[in-house]
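Enquirer: Below you'll find the structure I mean.
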Amino acid sequence: MCSTCGCSQPGGVTITRAGESLSGFTPLNEIKLSPLVQHHHPGDAHTSRVIELEQDILSQNNQQASHNRDHFRQQHIVAFNLVSSPGSGKTSLLERTLIDLQSQYKFYVIEGDQQTMNDANRIARTGVEAVQVNTGKGCHLDAAMIHRALHELNPQDDAILFIENVGNLVCPALFDLGEHSRIAIISVTEGDDKPLKYPDMFASSQLCIINKIDLLPYVNFNVERAKEYARRVNPQLEFIDLSATTGQGMDSWYQWLQRQMATREPELVH
Amino acid sequence: MHELSIVLSIVDLAEEQVRKNNAQRVENIELDIGSMAGVEWDALDFAWTAGVKNSVLENAQRQVNRITARARCLQCQHEFEITQPFEPCPACHDYLVEYIQGKELRVKSLTVS
């Protein structure tokens, strides 16, 4: 089932900081999912009352996302939400980026996966502080999880925060985390029609990274067709083709990141 | 399967209204859900059964107003019913379109008692 229901208890959602030891982690924090409370008032006599609510169902998540955004704004932090299918190379892209740019920027990483500390541990090996959010049976990160993870991370000002969402091209599209930009990653080992099959994710992203381009000679993936499909869904979408393995195209990604840092909202710039 | 998260958000909203109105339960709930809201009807039905258990919505009647998505072409201003996010304008075939309706995901009203 999904992340906020508590049906995956006793595991539930856990947030764990990646530490020095790379095995045997004990979760430091566990989100206690509030039980569904019934408010019975026996004896109270009530007549039926219609309430015209007109309230957005995701308003709670959106409010929390807005709160996260305030956190980021106050601390001059730029947050990126990385979304993709499992296996597109999100973590590899992050590892290389962190190693290459650590001298220029202060980085933090929030890793989302159903299970394991593997990705946060990979990030921790680069020397960057990372927390792992394990969603249990959940299929996406939500704004409340990011809020808890932020308090665990306690980031310094003027940093870049990468949020690696759960590998899933469907559900994370609906959940604003308070990010500055959303980045969809596809790899050339997937079908080039992914943007049409999973349009919501491409529609809600600002940048699309096409990863593993070193494998293009061996696969039947048409880069231009993939871009054309993605533009049908989102005419404003930007693209960067790269290989996190060979380093090809990484310069364009770094320049994009620099542009995001330079063009942050005016109040973010000192 | 984010539909269960959506159902649980609806339960939270309903619990809040029941509390505010000093009521005990929800008799009827009316939802507006657009055809482009990213919600699968079957998944929502499945999640509803599990999600409302032991909540104020457990025995509530659910009414879903399905809102058909409509878009406006930003090139030629033509308005049309849109069934896929990547559908071009039928008049000028441009993909630069904006939604007029169909992204709704809201609780329209509740009857509490």
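The values are calculated or read from the model by the stated rules, or taken from the named source; none is laboratory data. In this text the structure is predicted, and so the values were computed from the model without any measurement. Cβ placement follows ideal geometry from the backbone for every residue including glycine, while neighbour counts extend to all protein chains displayed. These area figures cover heavy atoms from the full protein model, side chains too; ligands, DNA and RNA do not enter into them. Shrake-Rupley method; radii C 1.70, N 1.55, O 1.52, S 1.80 Å.
Enquirer: Residue B:22 passes all but one of (1) within 8 Å of another protein chain (Cβ to nearest Cβ); (2) part of a helix (DSSP H, G or I); which number fails?
Expert: Unmet condition: (2).
Enquirer: Being surrounded by 14 or more Cβ atoms within 10 Å (Cβ to Cβ) and at positive phi narrows it down to one residue among B:38, B:34; which is it? First the steps, then the outcome.
Expert: Values: B:34 fails: at positive phi.
So the residue among B:38, B:34 that is surrounded by 14 or more Cβ atoms within 10 Å (Cβ to Cβ) and at positive phi is B:38.
Enquirer: Would you tally the residues in the range B:88-113 being within 8 Å of another protein chain (Cβ to nearest Cβ) and in contact with a Phe, Trp or Tyr (Cβ under 8 Å, 6 or more places away or on another chain)?
Expert: Pass one, the range B:88-113, residues within 8 Å of another protein chain (Cβ to nearest Cβ): B:88, B:95-96, B:105-113.
Among the residues that remain, those that are also in contact with a Phe, Trp or Tyr (Cβ under 8 Å, 6 or more places away or on another chain) are: B:88, B:95.
Of the residues in the range B:88-113, 2 are within 8 Å of another protein chain (Cβ to nearest Cβ) and in contact with a Phe, Trp or Tyr (Cβ under 8 Å, 6 or more places away or on another chain).
Enquirer: Any chance the range A:248-255 includes a residue that's at pLDDT below 95, buried (at least 17 other Cβ atoms within 10 Å of the Cβ) and touching a Lys or Arg at 6+ places or on another chain (Cβ under 7 Å)? Quick ask: steps written out before the conclusion?
Expert: Taking the range A:248-255 and keeping what is at pLDDT below 95, we get none.
Within the range A:248-255, not a single residue is at pLDDT below 95, buried (at least 17 other Cβ atoms within 10 Å of the Cβ) and touching a Lys or Arg at 6+ places or on another chain (Cβ under 7 Å).
Enquirer: Same structure, new question: Looking at the range B:70-86 only, could you name the residues that are more than 18 Å from residue B:39 (Cβ to Cβ), within 10 Å of chain A (Cβ to nearest Cβ) and surrounded by 17 or more Cβ atoms within 10 Å (Cβ to Cβ)?
Expert: Within the range B:70-86, B:86 is the sole residue that qualifies.
Enquirer: Among the listed residues A:158, A:142, identify the single one that is modelled with pLDDT under 95 and within 24 Å of residue A:100 (Cα to Cα). Spell out the reasoning first.
Expert: Working: A:142 fails: within 24 Å of residue A:100 (Cα to Cα).
Residue meeting the stated conditions: A:158.
Enquirer: Look at residue B:55 and say whether it is buried (at least 19 other Cβ atoms within 10 Å of the Cβ) and assigned to a helix (DSSP H, G or I). Spell out how you get there, then give the answer.
Expert: On the way: buried (at least 19 other Cβ atoms within 10 Å of the Cβ): yes; assigned to a helix (DSSP H, G or I): no.
Judged against the criteria, residue B:55 is not a match.
Enquirer: Hey, among A:58, A:101, which residue is open to solvent by less than 20 Å² (accessible area, probe 1.4 Å) and closer than 30 Å to residue B:14 by Cα? Write out each step before concluding.
Expert: On the way: A:101 fails: closer than 30 Å to residue B:14 by Cα.
That would be A:58, the only listed residue that is open to solvent by less than 20 Å² (accessible area, probe 1.4 Å) and closer than 30 Å to residue B:14 by Cα.
Enquirer: Mind listing whichever residues of the range B:1-31 are closer than 20 Å to residue A:138 by Cα and buried (at least 20 other Cβ atoms within 10 Å of the Cβ)? Spell out how you get there, then give the answer.
Expert: Quick first cut of the range B:1-31, residues closer than 20 Å to residue A:138 by Cα only: B:1-12.
Once the filter is applied, which keeps residues that are closer than 20 Å to residue A:138 by Cα and buried (at least 20 other Cβ atoms within 10 Å of the Cβ), the range B:1-31 yields B:2, B:3, B:4, B:5, B:6, B:7, B:8, B:9, B:10, B:11.
Enquirer: If you scan the range A:160-202, which residues turn out to be of a type in the set (Phe, Trp, Tyr) and open to solvent by less than 30 Å² (accessible area, probe 1.4 Å)? Talk me through it step by step, then tell me what you get.
Expert: Residues of the range A:160-202 that are of a type in the set (Phe, Trp, Tyr), as a first pass: A:162, A:175, A:198, A:202.
If the condition is that a residue be of a type in the set (Phe, Trp, Tyr) and open to solvent by less than 30 Å² (accessible area, probe 1.4 Å), then A:162, A:175, A:202 are the ones that fit.
Enquirer: Return yes or no: is residue A:168 of a type in the set (S, T, N, Q), at pLDDT below 95 and within 23 Å of residue A:118 (Cβ to Cβ)?
Expert: Details: of a type in the set (S, T, N, Q): yes; at pLDDT below 95: yes; within 23 Å of residue A:118 (Cβ to Cβ): yes.
Yes.
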